[in-house]
Amino acid sequence: MQDGRKVVFSGVQPSGNLTIGNYLGAIKNFSGFSDEYKCYYCVVDLHSITVRQVPAELRKRTYDTLALYLACGLDPDKNTVFVQSHVPAHAELAWILDCYTMFGELSRMTQFKDKSAKNAQNINAGLFTYPSLMAADILLYQTEMVPVGADQKQHVELARDIAIRFNTIYSDTFVVPEPSIIKTGHKIMSLAEPEKKMSKSDSNENAVVRILDTKDTIIRKFRRAVTDSGSEIRFAEGKDGINNLITIYCAFTGKTVEETENEFSGMGYAEFKAAVGEVCADSLAPVQEMFAKYSSDKGFLESVMKRGAEEASYSARKTLSKVKRKVGFII
Ligand code: TYM
């Protein structure tokens with residue numbers, strides 16, 4: 001609890017241009033918590049360097065991710081919006097938690113397995129211990145709820161296990177967090193290979209729709225989306241391509257699968273793909289407009305990140321001191 005409210009924490013890596021997966025599974029849902037919860041939203045730049053980044057691009061994407069948070073409705077007067085590397089407590093707690101996280105647990109993380117397969121020439125220690133840094137992000141703020149897409153559920157569950165382990169050894173120290181996973185849109189799939197998650201680092205541009213893609217690009221990408229054999233707009237087992245398009249349509253419009261199936265009954269894939277493209281582009285237009293405004297005002301973004309880091313540091317330091325005292329450090 002903070003100021004009588006439960007705490008929400010989430011983060012996004014500035015490691016690529018964000019996709020509609022990041023938007024529908026995570027960022028779009030962030031602003032809804034701030035009336036009821038004390039919210040922390042972080043641009044997790046420390047996590048990004050587990051994969052090689054071009055420094056100038058990382059810097060630009062860090063500003064852009066912050067600008068997107070604001071463009072998606074995060075009011076910095078109601079939310080603490082900040083950059084992870086500006087609050088050193090994250091890295092400090094991560095080291096301590098590393099010593100309470102098991103090699104076997106980290107080896108079982110599916111993201112580690114996927115990323116090491118993709119970056120076989122750079123399987124660094126940070127990639128392996130990534131989940132304990134993520135646990136530090138969450139546990140530092142005594143977080144109750146973590147809004148994320150389905151792919152991060154395993155990491156949040158590990159953060160829970162680490163919190164419980166630490167609390168059991170040293171008495172209650174951390175709140176044990178819960179993932180909060182949106183029903184429609186928690187796992188948006190690739191448009192080119194719909195059995196795979198849509199990923200911002202995908203090298204095939206046709207597989208991903210970016211939040212900042214132009215309307216023409218969005219329409220074209222949906223038109224080319226891989227669909228299955230058949231022609232009916234119906235959600236069905238094994239029809240990954242059409243299921244994904246229906247999910248995207250429902251997530252943007254708020255309609256149910258049944259309503260969508262009825263709306264497009266008797267129509268073909270081509271008409272449906274055009275409709276999904278339209279709805280997606282039209283829903284993103286206001287975000288793009290606000291993004292243009294925020295991203296061009298670097299001074300404002302810097303003032304938001306500075307204030308966010310100050311607010312976050314204040315809470316983070318309280319937890320970190322408690323942890324240091326418990327493990328036996330002189331503070
Ligand atoms: P990242 O940067 O990969 O993704 C940011 C958020 O977007 C969600 N997401 C998706 N949701 C639906 N469909 C998709 N295809 C899709 N792709 C991504 C992710 O689940 C995530 O919620 N490790 C995290 C960042 C992180 C974090 C944290 C999150 C670091 N510390 C603490 C929560 C709390 C990550 O790599 O997200």
- Message: With just the Cα atoms defining each centre, how far is the range 175-205 from the range 69-106? Give it in Å.
- Response: 20 Å
- Note on the structure: On the accessible surface of the range 205-292, probed at 1.4 Å with all protein chains in place, carbon and sulfur together account for a percent value of 50 percent
- Task: Take the alpha carbon atoms of the chain, find their radius of gyration, then divide it by 2.2 N^0.38 Å using N residues; give the quotient.
- Result: 1.02
- ³J(HN,Hα) across the range 27-32 via Karplus (A = 6.51, B = -1.76, C = 1.60, θ = phi - 60°), whole Hz, x for Gly/Pro? 4, 4, 8, 4, 5, x
- the range 1-79: percent of C-alpha pairs farther apart than 19 Å? 38 percent
- Query: For the chain, modelled as a Gaussian network with Cα springs under 10 Å, which listed residue fluctuates most, Lys38, Lys215, Lys183?
  - Reply: Lys183
- Message: Using a 1.4 angstrom probe on the protein heavy atoms only, could you order Asp151, Asp213, Asp114 from most to least accessible area?
- Response: Asp114, Asp151, Asp213
- Checked against the positive end of the charge dipole of the chain (+1 on Cβ of Lys and Arg, -1 on Cβ of Asp and Glu, about the Cα centre), the farthest of Thr80, Gly25, Asn122 is Asn122
- Excluding ligands and nucleic acids, what accessible area in Å² is computed for Arg210 using a 1.4 Å probe, to the nearest 10? 20 Å²
- Considering only protein heavy atoms, what per residue accessible area in square angstrom results for the chain with a 1.4 angstrom probe? 46 Å²
- Using DSSP, restrict attention to beta bridges with both residues in the chain and report what percent are antiparallel, rounded to the nearest 5. 15 percent
- Of Thr143, Gly16, Ile330, which is farthest along the charge dipole of the chain in the positive direction, counting Lys and Arg as +1 and Asp and Glu as -1 at C-beta? Ile330
- So how far apart, in nm, are the two label points at Lys113 and Ile330 if each is 7 Å from Cα heading toward Cβ? 4.7 nm
- Message: Placing one identical point scatterer on every Cα of the range 205-292 and ignoring solvent, what is log10 I(q)/I(0) from the Debye formula at q = 0.17 Å⁻¹?
- Response: -0.67
- Measure up Lys183/Lys273; Lys60/Lys293; Lys118/Lys306; Lys197/Lys221; Lys28/Lys118; Lys153/Lys306 against 25 Å on the Cα-Cα distance and list the ones that go over. Lys118/Lys306; Lys28/Lys118; Lys153/Lys306
- About the Cα centre of the range 205-292, how large is the charge dipole given +1 on each Lys and Arg Cβ and -1 on each Asp and Glu Cβ? Please answer in debye to the nearest 20. 300 debye
- Message: Helix-only mean residue ellipticity at 222 nm, the chain, DSSP H runs n ≥ 4 weighted -39,500 (n - 2.57), per residue, nearest 500. What is it?
- Response: -16000 deg cm²/dmol
- Find which of Gln111, Ser180, Ile96 sits farthest along the positive direction of the dipole of the chain, computed with +1 on the beta-carbon of Lys and Arg, -1 on that of Asp and Glu, about the Cα centre. Ile96
- Query: Taking all protein chains as present, what is the carbon and sulfur share of the accessible area of the range 13-72, in % to the nearest whole number, probe 1.4 Å?
  - Reply: 50 percent
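The values are calculated or read from the model by the stated rules, or taken from the named source; none is laboratory data. Small disclaimer: the values here were computed from a predicted structure and weren't measured. Quick reminder, even Gly has a Cβ in these numbers, built from the backbone with ideal geometry, and neighbours come from all protein chains shown. For accessibility, only protein heavy atoms count, side chains too; no ligands or nucleic acids. Shrake-Rupley method; radii C 1.70, N 1.55, O 1.52, S 1.80 Å.
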